[in-house]
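Worksheet: the structure to be examined is printed underneath.
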Amino acid sequence: MSNDFKPNIVGFLCNWCTYAAADLAGQSKFDIKPSINVIRVMCSSRIDPNLVLGAFLWGADGVLVAGCHPGDCHYEKGNFYTRRRFTQMKKVLETLNLDPDRLQLAWVSASEGQRYRDVINAFTDKIKEMGPNPLKPNPAV
Amino acid sequence: MAKTNNKTDAKSMKGTVISTKEGLSKAITDFLKQAFEKNCFDTILIPVKVPANDSYAWVLLKDPALLDDANPLAPIMPVQGGKALSSILKHGVTDSSIAAVIRPCEMKAAIELYKLKQVKLDNITLITMDCPGVLPLKDWFKNPDEGEKKFKDIIKKWDDKDVRPLCQICDKFSVPLNEENATYPDLHFGVLGCSDGTGFVIPGSSKGEEILDTVGLTATKEVDKWESKVNEVTTQKRKKRSEAHKALNKEVGGSKNLPVAFALCINCHNCMRVCPVCYCQHCYFDSEALNKPPEVHLMRAAQKGSLLFKPDCLLFQVGRMSHMTLSCVSCGTCEDACPMSIKVGQVFSMVADQSQDAFNYQAGRSKDVPHPLRVFEDEQELDQVVTMCKDILETGEHK
């Protein structure tokens, strides 16, 4: 089954670091698995938990939140807030046994095209192992 | 930030013995009358029985004679006291001092709202009491008279069989003993562990001590008996709470069970509106953001095979959990307000305990400990926070 399963990952990428890294990875013609749908946000701290949960409940197999490394935020401390908010979201999913591993946080700076490739490929592999999102076919969700 | 509540060392707590022969409620109102006469405060916020005799409402009392109708230990909680307090004091303080006679969970909500800048507590005297819980609203409205009797029994025996499920597993029914940085009420009425017909009034701040001095009830007695009983009941309740949460997790956890648990939700948003700490003026879930054009619904229906309407009930519940469980004080008002009797309060309290644990935070415990989403501690973050955010390249087996 896992062979024909193509993960559908929603990636919220910060404009200043990870989105630029994605750009760099593309320009460098790295081999990246075609599983991610990128949504650009100005800062990773801008991501409301509802956006992430909405992606899950609407059928995304995984959600990646990515921004600048801690300390390198374009807005100085945005990603520290991200980290706390992310922990809170993850804790909610964990408590409700809703596959918290489908939610991933990564720090990728603008110059780390290779790292971007590695993160996407590793996360895709992980989601592939986990299989499709069980909430996807549920008509009540 | 004006500090109105001084912290008192839990071990040096002293109290004054008062008579509770006619019940704790009467003892509190009698005390309030005395304090009122001595001008300790100008106004009292307290639950008062409505003229129809079938419910209780928050009333700001200026006339001490009206205290006869008041009941500090109302058998029900239709409106959370923290929310009532916030609706009075959201936009500033007055010179007149207000005494708020509220339950411990209502005080926690008030403190949480204070940190979220939704209430100003400068001129407030917080008065709480050992709380046996409240009756579920639905049971109460079947027969208010019987409910009144039943509740008298509950106070007498301190029996939690008939109170709300969340009150049964509440481990914060009194003041926080043995806790660092905790904010105490200015005055607390304790009856646990006291011999029949007596109780303690215990000051938790210098303001409370002043009031007791003015009334002529200077606190000098040791309150060991009360303290040890509170600790004992707390331990019991904690055990009960973790067991209840474990059972609940089995019942509602997982991608199969969770949609079933919330399947009855009619999207009325009552739980959100009565929630004391859900303070946003414009809620995302009331906005147009979730009203999608027909193509989107058709697309989702095609994807799933069928789509339930209204959609996104689960998004509302889980979304609200991610928004405010860090401030959730487990008061259970949401569960009371749910017309479909969903265990929403219990699920929220379960999630709240877990997420507050991750930040070593307890909602409403202290005025001085900031809300976890408003601070960060640089690279030396809390262990749990960092573990949750671990790097996929270090953990995943990417070739």
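The values are calculated or read from the model by the stated rules, or taken from the named source; none is laboratory data. Small disclaimer: the values here were computed from a predicted structure and weren't measured. Backbone-built Cβ (ideal geometry, glycine too); neighbour counts: all protein chains shown. All accessible areas refer to the heavy atoms of the entire protein, side chains included, with ligands and DNA or RNA removed. Shrake-Rupley method; radii C 1.70, N 1.55, O 1.52, S 1.80 Å.
Place +1 on the Cβ of every Lys and Arg and -1 on the Cβ of every Asp and Glu in the protein assembly as shown, take the dipole about the Cα centre, and give the residue among B:Ala65, B:Pro203, B:Met321 whose Cα lies farthest towards its positive end.
B:Met321
Taking 1 over the mean of 1/r across every pair of different Cα atoms in chain B, what Kirkwood radius in Å do you get?
Numbers: mean 1/r = 0.0442 Å⁻¹.
Computed over chain B, the radius equals 22.6 Å.
Under a GNM of chain B (C-alpha, springs under 10 Å), which listed residue has the highest mean-square fluctuation: B:Ser228, B:Ser306, B:Ser341?
B:Ser306
Of the candidates A:Leu105, A:Leu96, A:Leu24, which one comes out as most mobile in a Gaussian network treatment of chain A with C-alpha springs shorter than 10 Å?
Of A:Leu105, A:Leu96, A:Leu24, the Gaussian network model singles out A:Leu96 as fluctuating most.
Provide the buried accessible surface between chains B and A in square angstrom, both chains summed, 1.4 Å probe, rounded to the nearest 100.
4700
Which residues of the range A:116-130 bury at least 10 Å² of accessible area once all protein chains are present, versus their chain alone (1.4 Å probe)?
A:Asp118, A:Val119, A:Asn121, A:Ala122, A:Asp125, A:Lys126, A:Glu129
For chain A, give me every cysteine whose Cβ has no other Cys Cβ within less than 4.7 Å, ordered by residue number.
A:Cys14, A:Cys43, A:Cys73 - these cysteines have no disulfide-compatible partner (Cβ-Cβ under 4.7 Å) in chain A.
Any chance you could check the range A:68-108 for residues losing 50 Å² or more of accessible area when the partner protein chains are in, compared with the chain on its own (1.4 Å probe)?
Correct list: A:Phe80, A:Tyr81, A:Arg83, A:Arg84, A:Thr87, A:Gln88, A:Lys91, A:Val92, A:Thr95, A:Leu96, A:Asn97.
Kirkwood Rh, Cα Rg: Rg to Rh for the protein assembly as shown?
1.03
Give the carbon-plus-sulfur fraction of the accessible surface of the range A:24-127 in %, rounded to a whole number; probe 1.4 Å, heavy atoms of protein chains only.
So the carbon and sulfur contribution to the accessible surface is 47 percent.
Using helices alone, I'd like the mean residue ellipticity at 222 nm for chain A: each DSSP H run of four-plus residues gives -39500 (n - 2.57), total over residue count, nearest 500.
-12500 deg cm²/dmol
Calculate for chain B the 222 nm mean residue ellipticity that helices alone would give, adding -39,500 (n - 2.57) per DSSP H run of length 4 or more and normalising by residue count, nearest 500 deg cm²/dmol.
-12000 deg cm²/dmol
Each residue of the range B:213-224 in order: what ³J(HN,Hα) in whole Hz does its phi give by Karplus 6.51 cos²θ - 1.76 cosθ + 1.60, θ = phi - 60°, with x for Gly and Pro?
These are the phi-based 3J(HN,Hα) values: 4, 5, 6, x, 10, 3, 7, 10, 7, 5, 10, 3 Hz.
Could you tell me what percent of the accessible area of the range B:1-150 is made up of carbon and sulfur, with a 1.4 Å probe and every protein chain present?
Working: 3340 of 6440 Å².
Reported share for carbon and sulfur atoms: 52 percent.
So which residues in the range B:238-258 end up with at least 30 square angstrom less accessible surface once the other protein chains are there, compared with the chain by itself, probe 1.4 angstrom?
Residues losing area: B:Asn249, B:Gly254, B:Ser255, B:Leu258.
Classify chain A from the C-alpha gyration tensor, please: rounded if a/c falls under 1.5, else prolate or oblate depending on whether a/b exceeds b/c.
Details: a/c = 2.16, a/b = 1.22, b/c = 1.77.
Taking the square roots of the gyration eigenvalues as a ≥ b ≥ c, chain A is oblate.
Under a GNM of chain B (C-alpha, springs under 10 Å), which listed residue has the highest mean-square fluctuation: B:Ser242, B:Ser55, B:Ser355?
Top of the fluctuation ranking is B:Ser242.
At 1.4 Å probe radius, can you tell me the per residue accessible area of the protein assembly as shown in Å²?
It amounts to 44 Å² per residue over the protein assembly as shown.
Inverting the mean 1/r over all pairs of different Cα atoms, compute the Kirkwood radius of the range B:126-279 and quote it in Å.
One decimal place: 18.4 Å for the Kirkwood radius.
Under a Cβ-Cβ cut-off of 10 Å, what is the net charge of the residues other than B:Gly345 that fall near it, where Lys and Arg count +1 and Asp and Glu count -1?
0
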